[in-house]
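Take a look at the structure below.
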Amino acid sequence: MKRYFFFFSITLLAFAINAQDLTPAKNAKAVKDAFTKMNASTKSFSSDFKQTKEFSFMDRPLVSTGKFYYQKSDQLRWEYISPLQYVMLINGDNIRIKEDGKVKTYSSAVNEVFKTVKEIILGCISGEILNDPNYEPAFYESDKLYQVKLQPKDKQLKEYMKEINIFLDKSSNELSYLILKDGSGDITKIEFHNRKINQSIDASTFSKF
Amino acid sequence: MADISTFTTKFSSHAHSPLPLERDGLGSAERRGVALLTTILLYLLLAGNVHGQTTQVTNPFLNSPTHLFTSKLTYQDNTFNGFLGVKYTDENNFRISFNSTMGNTLMDLEWKDGEFIKHYLPDQLNRKIIINKLQGDFEMMLLKILADGKWKNDCTLKVGCHKYRFTQNDIQLPTKLEDRNWLGRLKRTLNFGYSEQKKLSTILLKHHSFALQMELSSID
């Protein structure tokens, strides 16, 4: 009986610790300042990434991997390597996508959809999205992480993206991972591994496929 | 029934006759009777054949409750890549989620006990003409037609005004389906490919009346 009680207590404790993992930040300004600091100190960011898509009705996730490169303030290479090969290049207003061997070019200056895509992606990496009045922010923290939850105010955008969650490593003040809740309520987690901050990235990375 | 037995007797007696029926002096009523009997016998023979040969299609989706595919949708010169997640219980019950490369759900649809449920479909896609086309394509692709149709013979399934002709491999896994309308015109073809372990590896659905096709490759 004592043994059962012990296991029950341990389980309860584990739940309690887990529940306390991320709680609303007591000092929202401190969280916001951490993101501002990250934005100010990050000139470039490159990493491997692992994208895990959870389906609401399947116990099996969909995992994609690839490479991620960012150069302040508006250059990005988002390259999926497995299981699909797909590259998105953002260079100023110019957005180019290569899939299935074909290249498509878009301009975020004239295309509203790609303007929003660019703002979300670059804004999450730089932290600038926190200053965007189109999102309602909420701040959370744990011992190791800061979290900002952003909910779009625009009804049309909400249909495609319900929540953007940005997680920042407290100790390094680096972007750790993103959790996106899409219009259906499904969750996609993008984790950044082998992060390299402020290291030189060849300019061709953002212009050549 | 008495008429049939009469015709049978007459047909039997003349079947062994060295002389043609006309020369035997059969009247037109009797000739009509022989024709009717022949038709009935032929029908019974064919019907017997259909019931005798039980159509067996091994459903390739049933080897696993869930399937993940990369998907490539091609319409004219436009290509759209993404992923398709499928949870499959049986021909009447399955759910699909169609996703972009970046993981966004574009549609989440379910077929449940005869009901078609739209769990998630953005307004831009929620149009009757698009829905009907998608519903029809997924019902063919995920073999819901096996639950809906009636076998006309051992390889042709009839669903409404569609006739689906199955081609199978040596272990009765479907390799090709042809969808023809009531005029016999080819509307769609569906090809299944299998791995060496006999697992579903590729699916190709192609429309013949317009330039739309969907290619799926298993991620297993």
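Computed over chain A with a Gaussian network model linking Cα atoms closer than 10 Å, the most mobile of A:Arg60, A:Arg195, A:Arg77 is A:Arg60. Projected label points at A:Thr23 and B:Thr79, each 7 Å from Cα along the beta carbon direction, are separated by 5.2 nanometres.
For the range B:67-112, averaging the sequence separation of C-alpha pairs within contact (under 8 Å, six or more residues apart) and dividing by the residue count gives a relative contact order of 28 percent.
By other beta-carbon atoms within 10 Å, ranking B:Glu91, A:Glu54 with the fewest at the front produces A:Glu54, B:Glu91. Based on alpha carbons, the Rg and Dmax found for the range B:173-220 are 12.5, 40 Å. The residues neighbouring B:Ala147, those whose beta-carbon lies less than 10 Å from its own, together hold a net charge of -3 under the Lys/Arg +1, Asp/Glu -1 convention. Each label was represented as a point 7 Å from its Cα along the Cα-to-Cβ direction; for A:Lys104 and A:Lys181 these points are 2.9 nm apart.
Here's how it looks for B:Lys176: its modeled amide H is under 5 Å from those of B:Thr167, B:Phe192, which are all 5 or more places away or on a different chain. Placing a label point 7 Å from the Cα of B:Asn59 along the Cα-to-Cβ line, the residues of the range B:112-130 whose backbone N sits under 17 Å from it are B:112-117. With θ taken as phi - 60° and the Karplus curve 6.51 cos²θ - 1.76 cosθ + 1.60 applied, the whole-hertz 3J(HN,Hα) list for the range B:210-215 is 8, 7, 10, 8, 10, 10 Hz, x standing for glycine and proline. Here's the list of lysines a cross-link from A:Lys29 could span, going by alpha-carbon distance under 19 Å and ignoring same-chain residues fewer than 8 apart: A:Lys37, A:Lys144, A:Lys149, A:Lys170. Within a straight-line Cα-Cα reach of under 12 Å, B:Lys87 can be paired with the following aspartates and glutamates, leaving aside sequence neighbours fewer than 8 residues apart in one chain: A:Asp59, B:Asp108, B:Glu110. Using 31 Å as the Cα-Cα cut-off, could you pick out the over-long pairs in A:Lys102/A:Lys155; A:Lys155/B:Lys118; A:Lys153/B:Lys144? As for pairs spanning more than 31 Å Cα to Cα, those are A:Lys102/A:Lys155; A:Lys153/B:Lys144.
Between A:Ala40 and A:Gln85, the FRET efficiency from the beta-carbon distance, with R0 = 45 Å, is close to 0.85. Close amide H pairs (under 5 Å, H built 1.01 Å from N) link A:Leu145 with A:Lys170, residues at least 5 positions away or on another chain. Across chain A, C-alpha contacts under 8 Å between residues 6 or more apart give a mean separation that, scaled by the residue count, equals a relative contact order of 23 percent. Using the rule -39500 (n - 2.57) for each DSSP H run of four or more residues, divided by the residues of chain A, the 222 nm mean residue ellipticity is -7500 deg cm²/dmol. Residue by residue along B:93-102, Cβ atoms of other protein chains within 10 Å of the local Cβ number 5 on average. Sequentially through the range B:88-97, phi angles give Karplus couplings (6.51, -1.76, 1.60; θ = phi - 60°) of 10, 9, 7, 4, 9, 10, 7, 9, 10, 10 Hz, Gly and Pro residues having no value and appearing as x. Electrostatic tally near A:Ala109: other residues with Cβ closer than 13 Å to its Cβ, Lys and Arg +1, Asp and Glu -1, net -2. For the range A:120-209, what ratio Rg/Rh do Cα atoms give with a Kirkwood hydrodynamic radius? That ratio equals 1.01. The amide H of A:Glu174, built 1.01 Å from its N in the peptide plane, has A:Asp169 as neighbours under 5 Å, considering only residues 5 or more places off or on other chains. With contacts taken as Cα pairs under 8 Å at a separation of at least 6 residues, the range A:45-135 carries a relative contact order of 15 percent. Residues B:Asp123, A:Asp169, A:Asp182, ranked from the fewest to the most other C-beta atoms within 10 Å, line up as B:Asp123, A:Asp169, A:Asp182. What does the charge count near A:Glu119 come to, summing +1 for each Lys or Arg and -1 for each Asp or Glu among other residues with Cβ under 13 Å from its Cβ? Spelling it out: positives minus negatives among the neighbours equals -4. A simple charge model with +1 on the Cβ of Lys and Arg, -1 on the Cβ of Asp and Glu and nothing else charged puts the dipole of the range B:49-190 at about 480 debye relative to its Cα centre. Taking every full run of DSSP H in chain A, the ones that stretch at least 15 Å from end to end by Cα along their long axis and average 0.0 or higher on the Kyte-Doolittle scale are A:2-19, A:112-126. Applying 1/(1 + (r/R0)^6) with r as the Cβ-Cβ distance of A:Asp48 and B:Asp154 and R0 = 56 angstrom yields a FRET efficiency of 0.60.
Note on chain A: Kirkwood radius taken over Cα pairs, Stokes-Einstein applied at 4 °C and 1.567 mPa s, translational D equal to 70 µm² s⁻¹. Based on alpha-carbon atoms, the Kirkwood radius and the radius of gyration of the range B:70-220 give Rg/Rh equal to 0.94.
Every read-out reported here was derived from the displayed coordinates using simple, explicitly stated rules and does not represent laboratory data. Here the structure is a predicted model, which is why all the values come from computation and not from measurement. Backbone-built Cβ (ideal geometry, glycine too); neighbour counts: all protein chains shown.
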